[in-house]
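No value in this document is a laboratory result; all are computed from the given coordinates. Note that the structure is a prediction, hence the values are computed from the model and not measured. Here the Cβ positions follow ideal geometry from the backbone for every residue, glycine too, while neighbour counts run over all protein chains shown.
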Amino acid sequence: MCARYFVDIDIETIKEIFEAIEKRYPGVVMSRGEIYPANTVPILTKDGPTPSVWGFPLDGGKKRLINARSETAAEKRLFRSAFQYGRCVVPTTGFYEWTKDKQKIKYLFEMEGEELLYLAGLFEEVDNELCMVVLTRAANESVADVHDRMPVILTGDQLTLWMNETGEAKRMIEATAPRLVRRDVERAADELLRREEAQIRFEGM
């Protein structure tokens with residue numbers, strides 16, 4: 001599952017995507033930082049970057065379906081058309097998952113050595129609104145002890161093929177998922193705060 005992810009606007013590639021969309025769609029407002037379902041976010045399509053709402057509306061718009069199982073998306077009625085004609089890329093810095101124990105530790109999963117983590121998605125116009133879902137798959141060993149599902153991850157050299165070649169897209173879904181690294185979000189924030197406080201005390205001496 002993927003119910004939250006992160007978009008760091010300070011990363012140059014992300015900044016360029018936002019700027020391209022804002023130039024093409026004046027007045028559009030997109031979310032950044034921690035992304036929630038129903039937020040308007042940037043996606044990459046074969047026609048270029050575009051804004052999209054995260055989640056296909058259900059029950060008259062009261063709920064949103066934010067993920068689609070990659071194993072069945074090509075055949076399911078709800079996603080069949082989008083899989084054929086609306087494959088997209090969701091640019092992120094990483095995605096969040098929480099442990100299922102009482103501690104509920106929040107982890108950010110990232111690609112080691114890379115600034116960006118590209119997620120495979122599907123988009124479609126629903127009720128005059130462009131909407132997207134994130135494709136998921138069974139988790140690999142780097143995620144499985146936290147959650148049994150993870151997003152389908154794409155590398156930079158796969159993006160064009162994913163959006164344009166259905167056969168290649170199906171093979172990407174079946175390929176081995178890349179190993180990810182994770183960090184405890186709250187612990188990292190606490191450590192940063194301690195360093196900042198120590199620096200303030202040092203400068204005040």
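GluC sites (Glu not before Pro) within the range 102-178: which are DSSP loop residues with at most 12 other Cβ atoms inside 10 Å? Can you show the working numbers first?
Details: sites: E110, E112, E114, E115, E124, E125, E129, E141, E165, E168, E174; in loops: E112, E114, E115, E141, E165.
The qualifying sites are E112, E141.
Normalised by the residues of the chain, what does the relative contact order come to in percent, with Cα pairs under 8 Å and at least six apart?
Relative contact order comes out at 20 percent.
Using a Förster radius of 22 Å, what is the FRET efficiency between A175 and Q103 based on their Cβ-Cβ separation? Nearest 0.05, please. List each step's numbers first, then the result.
Details: r = 33 Å, r/R0 = 1.50.
The computed FRET efficiency comes out at 0.10.
With just the Cα atoms defining each centre, how far is the range 1-57 from the range 148-184? Give it in Å.
Each part reduced to its Cα centre gives a spacing of 19 Å.
Each label point is 7 Å from the Cα along the Cα-to-Cβ direction; what then is the distance between the points at K63 and N128, in nm?
2.6
Counting other beta carbons within 10 Å of each Cβ, put I11, I35 in order, fewest first. Could you put the intermediate results ahead of the total?
Values: I11 14, I35 23.
So the residues, fewest neighbours to most, are I11, I35.
Grab the DSSP H runs of the chain that are 4 residues or longer, score each as -39,500 (n - 2.57), total them, divide by all residues and round the 222 nm result to the nearest 500 deg cm²/dmol. Walk me through the numbers before you get to the answer.
On the way: 5 runs with 56 residues, N = 205.
Theoretical 222 nm ellipticity from helices: -8500 deg cm²/dmol.
What is the order of F123, F18, fewest Cβ neighbours within 10 Å to most? All intermediate terms of the calculation are to be shown ahead of the outcome.
On the way: F123 22, F18 19.
Arranged by neighbour count, lowest to highest, F123, F18 become F18, F123.
Need the full-extension length gain, L161 to R80, defined as separation in residues times 0.36 nm minus the C-alpha distance. One decimal, nm.
Between L161 and R80, full extension yields an extra 27.3 nm.
Using the structure shown, list the pairs from K76/K170; K15/K46; K15/K100 with a Cα-Cα distance above 24 Å, or answer none. The partial results should precede the final answer.
Numbers: K76/K170 14 Å; K15/K46 19 Å; K15/K100 34 Å.
Pairs exceeding 24 Å: K15/K100.
Just add up the charged neighbours of F79: K/R +1, D/E -1, any other residue whose Cβ is under 10 Å from the Cβ of F79. Provide the component values of the computation, followed by the final result.
Details: positive: R69, K76, R77, R80; negative: E75, E124.
That sum, taken over residues with Cβ under 10 Å, equals +2.
Report the gain in length on full extension from T40 to E114: 0.36 nm times residue separation, minus Cα-Cα distance, nm rounded to one decimal. Working shown, then result.
On the way: separation 74, 0.36 × 74 = 26.64 nm, distance 2.43 nm.
Difference between extended and current length: 24.2 nm.
Could you tell me how many degrees, from 0 to 90 and to the nearest 10, lie between the Cα long axis of helix 185-203 and the main elongation axis, the longest principal axis, of the Cα atoms of the chain?
Orientation of helix 185-203: about 40 degrees from the principal axis.
Going by C-beta contacts inside 10 Å, put T50, T92 in order with the fewest on the left. Working shown, then result.
Values: T50 19, T92 25.
Ranking T50, T92 by Cβ neighbours within 10 Å, fewest first, gives T50, T92.
Could you give the nm distance between label points at V29 and D184, where each point is 7 Å from its Cα heading toward the beta carbon?
Calculated label separation equals 3.7 nm.
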